[in-house]
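As structure tokens, the structure follows; a few thoughts come after it.
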Amino acid sequence: MKTCPACRIGRLRERLMTYLEWHGSSLLVASRMPALVCDVCGEQVYDDHAMDNLQQLLWSEPLRGTSSVSNSNGR
Ligand SMILES: [Zn+2]
């Protein structure tokens, strides 16, 4: 369990948060993003891997409302 970098007292617990980010003129809402939340000061640290995945989704695919990725080429 990690110690909170902000207050150095609390501990970071993994929680599923709703992440909001403006992407151009559209608001991206990623529900159930794994984040680490301090149980003392409430500092939120998003999971690096989850952020990487989210950024890859953002920059590789045009937003179409849903973020489901399917690679069905007829096979
Ligand atoms: Zn804290």
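Computed from the coordinates by the stated procedures, all read-outs in this text should not be read as laboratory data. Treat the numbers as computed from the prediction; the structure is a model and nothing was measured. In this analysis, Cβ positions are derived from the backbone assuming ideal geometry, glycine residues included, and neighbour counts consider all displayed protein chains.
Extension gain, Q55 to I9: 0.36 nm times the residue separation minus the Cα-Cα distance gives 13.5 nm.
When you count, for each residue, the other Cβ atoms within 10 Å and take the mean per peptide, how do 52-60, 22-30 rank with the highest first? Kindly include the intermediate steps, with their values, before the conclusion.
Values: 52-60: 12.2, 22-30: 10.6.
Per-residue Cβ counts within 10 Å, averaged per peptide and sorted highest first, yield 52-60, 22-30.
Its relative contact order, with pairs defined as Cα atoms under 8 Å and 6+ residues apart, puts region 12-60 at 30 percent.
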